[in-house]
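Worksheet: one structure, shown below.
The values are calculated or read from the model by the stated rules, or taken from the named source; none is laboratory data. The structure presented is a predicted model; accordingly, all values stated were derived computationally and were not measured. Using ideal geometry, Cβ is built from the backbone for each residue, glycine included, and neighbour counts are taken over all protein chains shown.
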Ligand code: SF4
């Protein structure tokens, strides 16, 4: 069946932005997921000057500036380049798909930099193919999409694990970058890429196995923390993963920032939680139980406004449950299953229980103004 939405198969970057309902979306990939205070302040200023002042956090720890125009894009790139946030060309930008744990220490940052340099020798990889450097005390990004993972084993040593397999190959900080590239090469040479697309877990599921012995067990994964104080600083969540340039300007005064893949920002070294508009500071906030995409009018494919409905329904979501509201069946905000998913269609909202936005609905075409979650969970 042909999907009723467009699958891009590539991710927007800064040099190759993506058109959306409110203009171009320009995605910036901070090195190691970290923005210094000066970079964060500069990004905020650039978002206000060249875009519509709205900034999203992506599920891969990047920041996206919205509402950029074809006319304002060149000057935006100049400003971001002056901040050290722009790759030399589109190929380098696309290839540098490395997610780093927000709780990185200096050794992890060095490993990320070495891997970024080694990517010059990588074969052409699908746009969504990504590396995950999850070398904090225990894996914390296991539930975050990725294809080649660097983690700690149960005895604290480094391992390289292809996504989709439970164990990995022992490596060292010196050998890890080259071995990660070798694993990427194995993936392409054994048929992991079709029509420019492909993911490691799907390749593994088709029965492919690397020749390297995968003898090391990763340490048990941890659940990412919610908003609050952590040993590394203050974690603050953003409503629907979006903030204004003003909020980013104020966050930049508080410390260097780590952009997490959990729609949260870590303010490094902060010992108090800042109270700013649009920030979620409590893990129990009902808005944290709802995933909601941009919707109309910000997304060209959206069939309804999404976030006002999400705000209205959030207090009805029971604790520990997850509601996903999607502007179309693509399900960008939450590709996996949720307890309850509402998908906008041309006729109203479809309801899917315990599935993804692309699964068969149990009810169809509900009127948004009348949706009540009582009895649906
Ligand atoms: S899921 Fe939402 S953001 Fe993604 S394409 Fe559909 S409407 Fe747009």
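Across the stretch 268-292, the number of residues qualifying as over 20 Å from residue 318 (Cα atoms) and surrounded by 24 or more Cβ atoms within 10 Å (Cβ to Cβ) comes to 0. Take residue 365 and tell me if it is more than 25 Å from residue 61 (Cα to Cα), in contact with a strand residue (DSSP E or B) (Cβ under 7 Å, 6 or more places away or on another chain) and within 12 Å of the ligand (Cβ to nearest atom). Taking the combined requirement at face value, the residue does not satisfy it.
Take the conditions (1) part of a loop (DSSP other than H, G, I, E, B); (2) out of contact with any helix residue (DSSP H, G or I) (no Cβ under 7 Å at 6 or more places or on another chain); (3) not assigned by TED's automatic domain parsing to the domain that holds residue 246; residue 70 misses just one of them, which is (3). For the stretch 82-94, the criterion of being touching a helix residue (DSSP H, G or I) at 6+ places or on another chain (Cβ under 9 Å) and closer than 21 Å to residue 242 by Cα is met by at least one residue. Of the strands (runs of 3 or more DSSP E) that lie entirely inside the stretch 238-319, those containing 1 or more residues that are touching a strand residue (DSSP E or B) at 6+ places or on another chain (Cβ under 7 Å), within 16 Å of the ligand (Cβ to nearest atom) and at pLDDT 95 or above span 242-244, 290-292.
Given 32, 61, which one is in a helix (DSSP H, G or I) and away from the ligand (no atom under 16 Å from the Cβ)?
Going through 32, 61 in turn, the sole match is 32.
Check off (1) out of contact with any helix residue (DSSP H, G or I) (no Cβ under 9 Å at 6 or more places or on another chain); (2) touching a residue at least 60 places away in the same chain (Cβ under 8 Å); (3) within 23 Å of residue 101 (Cβ to Cβ) for residue 196 and give me the number that stays unchecked. Result: residue 196 passes all but (3). A search for C-beta distances below 7 Å between a residue of the stretch 280-300 that is not assigned by TED's automatic domain parsing to the domain that holds residue 26 and any residue that is within 11 Å of the ligand (Cβ to nearest atom) and part of a strand (DSSP E or B), counting only pairs 6+ apart in sequence or on different chains, returns 290/325; 291/324; 292/325; 293/326; 298/20; 299/20; 300/20. Being touching a residue at least 60 places away in the same chain (Cβ under 8 Å), surrounded by 18 or more Cβ atoms within 10 Å (Cβ to Cβ), within 12 Å of residue 31 (Cβ to Cβ) and not assigned by TED's automatic domain parsing to the domain that holds residue 200 holds for only one residue in 85, 80, and it is 85. Of the residues screened, residue 342 is not one that is within 15 Å of the ligand (Cβ to nearest atom), farther than 29 Å from residue 248 by Cβ and in a loop (DSSP other than H, G, I, E, B). Total residues in the stretch 130-141 satisfying the condition of being in a loop (DSSP other than H, G, I, E, B) and at pLDDT 95 or above: the figure is 4.
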